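Working notes, beginning with the structure itself.
Laboratory data are not the source of any read-out in this text; all were calculated from the coordinates shown. All values derive from a computational prediction rather than experimental measurement. All Cβ positions, even for glycine, are placed from backbone atoms using ideal geometry, and neighbour counts span all protein chains on display.
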Amino acid sequence: MMNPDAVEENQEEGNILVWLTGLAFLAAMVAIFIYVPTERTEGIIQRIMYFHVPSAWLSFFAFFVVFLSSILFLWKKEREWDIYAHASAEIGVIFCSLVLITGPIWARPIWGAWWVWDARLTSTLILWIIYVAYLMLRTQSDAGSMRARYAAVLGIVGFLNIPFIHFSVLWWRTFHPQPKVITNEGIGKGMDPTMLATLGISVCAFTLLYFLLMGVRVRQEKLKDEIDRLKREKIYSA
Amino acid sequence: MDNLGFLFAANVVVWGGIIYYVYTIRQRNRALEKDLELLKETLSKEG
């Protein structure tokens, strides 16, 4: 049963996180549209990077949480970890979709094509398909604990694609640009400091948004469990 | 469409996506609250 004091405390923490996230996004918007200078070769369109890269970061982070929670669920068999994995997968799919939409919008004026089947783009699309399948598995199958176990395995396998996505631009010749933040010369050496700062602010805003959404979704899933438990109790007592 | 149009489109997609997702979460919350109220009502009638 949920403790009312704990619920109140959670709500207070949630409110602080809402404000922090709002402020971080405000700072990001100011940095993206006012502070950062326009890139010389690509022009104004390059500013899409400040949405595209943080969305990619958020989705990879979300899928990492799915990976970790799924391992812990299979190991400890605690429903809590299954809830974390499910909530995180949903957020990851939303932001991976945003990556797959903003990428072509950026690519069209620069590459002259909405989409090319290069290693980075194709492997990201495969990642999206895997986690969409993960969410479909969760909604389609009825067997509770078996469903959670199958989903956990898929959640782990799906994450193995992420290192491949990261290194794909180094292993093959691709249209997609090489990494600019983490390079062989060091972190942030391949970027102008103002661009790096703007990207950093945007990444912080998106990360805060992830924790905010996770908090809400996890509470929601727990409430759903509680309602199901009460319903079961009512049915058995009748 | 000039480059400003593409930038605008990307912005609309990102904000639209986030707002739509928050909206679906809110809808699910409302459905759960309704479910809980109904359950409480039924339990109080019985007990």
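Structure data summary
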quantity: Folded to 0 to 90 degrees: helix A:161-171 orientation relative to chain A principal axis, Cα; calculated: 10 degrees
quantity: Exposure rule at most 13 other beta-carbon atoms within 10 Å, DSSP loop GluC sites (Glu not before Pro): chain A longest free segment; calculated: A:79-184
quantity: Size descriptor, Kirkwood hydrodynamic radius, that averages inverse alpha-carbon separations across the stretch A:147-238, Å; calculated: 17.8 Å
quantity: Qualifying chymotrypsin sites (Phe, Trp or Tyr not before Pro) in the stretch A:137-238, DSSP loop, other Cβ atoms within 10 Å at most 16; calculated: A:TRP172, A:PHE175
quantity: Rounded to the nearest 20 debye, dipole of the stretch A:51-237 from Cβ charges on Lys, Arg, Asp, Glu; calculated: 300 debye
quantity: Label point distance in nm, A:ILE126-A:GLU80, each placed 7 Å from Cα along Cα→Cβ; calculated: 3.5 nm
quantity: Nearest 10 degrees, 0 to 90: helix A:79-111 Cα axis against chain A principal axis; calculated: 20 degrees
quantity: Neighbouring partner chain Cβ atoms per residue of A:95-108, average, 10 Å criterion; calculated: 4
quantity: Net charge contributed by nearby residues that have their C-beta within less than 13 Å of A:PRO177 (K/R +1, D/E -1); calculated: 0
quantity: Exposure proxy order (Cβ contacts within 10 Å, fewest to most) of A:HIS166, A:HIS176, A:HIS86; calculated: A:HIS166, A:HIS176, A:HIS86
quantity: Burial ordering of A:TRP106, A:TRP19, fewest other beta-carbon atoms within 10 Å first; calculated: A:TRP19, A:TRP106
quantity: Which listed pairs, of A:LYS77/A:LYS231; A:LYS77/A:LYS234; A:LYS76/A:LYS189, have C-alpha distances above 31 Å, in listed order; calculated: A:LYS76/A:LYS189
quantity: Prolate/oblate/rounded label for the stretch A:1-140 (Cα gyration tensor, a/c 1.5); calculated: oblate
quantity: Length added when fully stretched, A:ILE182-A:GLN140, from 0.36 nm per residue minus Cα-Cα; calculated: 11.2 nm
quantity: Shielding by partners, peptide B:11-18 (average Cβ within 10 angstrom, other chains); calculated: 6
quantity: Fewest-first ranking of A:ILE165, A:ILE235, A:ILE227, A:ILE126, using other Cβ atoms within 10 Å as the exposure measure; calculated: A:ILE235, A:ILE126, A:ILE227, A:ILE165
quantity: Estimated FRET transfer efficiency (A:TYR150, A:ILE34; beta-carbon r; R0 45 Å; 0.05); calculated: 0.40
quantity: In degrees, nearest ten, helix A:119-140 long axis to first principal axis of chain A (Cα); calculated: 10 degrees
quantity: Around B:GLN27: net Lys/Arg minus Asp/Glu count, Cβ-Cβ under 12 Å; calculated: +3
quantity: Total formal charge among the other residues, if their Cβ is under 10 angstrom from that of A:THR198, Lys/Arg +1 and Asp/Glu -1; calculated: 0
